[in-house]
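Data first, discussion second: the structure below is written as structure tokens.
The values are calculated or read from the model by the stated rules, or taken from the named source; none is laboratory data. Since we're looking at a predicted model, the values are computed, not measured. Don't worry about glycine lacking a Cβ; one is built from the backbone with ideal geometry, like all the others, and counts go over all protein chains shown.
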Amino acid sequence: MIKAVIFDIDGVLLDSKDANCLFFQNLLESAGYRRPSTEEVSHVFHLTMLDALRFLTGDTEENVRLLWERGHSFPFSRELLRVPKGAPTVLRELKTTYKIAIATGRIRRGIPTLCEMYGVPEKFFDVVVTFENFTKPKPDSESLLVAVQRLTIAPRDAVYIGDQETDRRAAASAGMHFLFYSADNDRIDPFSALPAAICALDRQKAC
């Protein structure tokens with residue numbers, strides 16, 4: 001029985017591709033690194049900020065850590081973020097039936113912005129798991145297992161909504177359901193299709 005829906009943020013709850021790209025480009029350039037191309041940055045969208053900086057700089061761990069800490073307070077172009085059409089309404093609809101949670105590689109700093117853009121308080125989400133809450137990022141299942149532990153449910157009673165192969169692998173490893181959604185190209189089109197797709201996974205519920 002599906003009891004909870006767990007969402008990734010980047011590429012799912014937010015179309016953040018342009019904002020993330022500009023963030024990494026400006027951050028690296030401001031610290032004296034070569035400004036990476038849009039294509040180069042696109043290869044790190046599935047990584048945590050720390051791992052993305054390791055990949056983009058190839059620098060020592062000490063220098064990468066310093067750059068990562070700088071990134072915590074570095075300007076982020078919020079105006080480039082986009083909420084998928086209908087997503088706030090769908091989230092409120094799902095909330096009437098399921099627990100709603102987040103499991104993301106983003107740092108905690110980004111959660112208030114997400115909540116503001118969706119017009120909900122942070123307590124709307126029953127559980128929020130961010131980079132600070134786990135040690136092994138996706139495709140490891142740790143972040144998802146932390147989420148279901150805090151939700152006090154079994155992994156098989158949750159569905160994870162993600163947009164990357166690493167998300168699918170993490171869900172499979174955790175033993176939970178998975179649905180692919182991309183805010184960038186709406187492979188489940190539109191966002192309003194999610195409730196029916198989630199319901200279809202639950203054989204104990206009439207959809």
Legend entry - Matching option when the condition is in contact with a Phe, Trp or Tyr (Cβ under 7 Å, 6 or more places away or on another chain) and touching a residue at least 40 places away in the same chain (Cβ under 8 Å), among Asp126, Asp163: Asp163
Inset, instruction - Determine whether Ile153 is outside any helix (DSSP H, G or I), more than 16 Å from the chain's Cα centre (by Cα), of a type in the set (A, V, I, L, M) and surrounded by 15 or more Cβ atoms within 10 Å (Cβ to Cβ). - result: yes
Inset, instruction - Give me a count of the residues in the stretch 96-113 that are in contact with a strand residue (DSSP E or B) (Cβ under 9 Å, 6 or more places away or on another chain), of a type in the set (Lys, Arg) and part of a helix (DSSP H, G or I). - result: 1
Inset, instruction - Working carefully through the options Gly110, Gly119, Gly86, find the one that is exposed (fewer than 14 other Cβ atoms within 10 Å of the Cβ) and not hydroxyl-bearing (Ser, Thr, Tyr). - result: Gly119
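For every residue, the table says whether it meets (1) closer than 23 Å to Tyr160 by Cα; (2) outside the structural domain of Leu194 (by TED's automatic domain parsing); (3) without any contact (Cβ under 8 Å) to a residue 12 or more places away in the chain.
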| position | (1), (2), (3) |
| --- | --- |
| Cys21 | no, yes, no |
| Phe24 | no, yes, no |
| Leu28 | no, yes, no |
| Ala52 | yes, yes, no |
| Glu62 | no, yes, yes |
| Leu66 | no, yes, yes |
| Pro75 | no, yes, no |
| Pro88 | yes, no, no |
| Ala101 | yes, no, no |
Inset, instruction - Select from the stretch 18-64 the residues that are outside any helix (DSSP H, G or I) and of a type in the set (Ser, Thr, Tyr) and write down the one among them that is modelled with the lowest pLDDT. - result: Thr48
Inset, instruction - Within the stretch 136-150, count every residue that is within 13 Å of Asp51 (Cβ to Cβ) and surrounded by fewer than 22 Cβ atoms within 10 Å (Cβ to Cβ). - result: 4
Legend entry - Single residue of Ser42, Ser73 found to be of a type in the set (Ser, Thr, Tyr) and closer than 20 Å to Arg108 by Cβ: Ser73
Inset, instruction - Would you be able to tell me the number of residues in the stretch 71-94 that are part of a helix (DSSP H, G or I) and out of contact with any helix residue (DSSP H, G or I) (no Cβ under 7 Å at 6 or more places or on another chain)? - result: 3
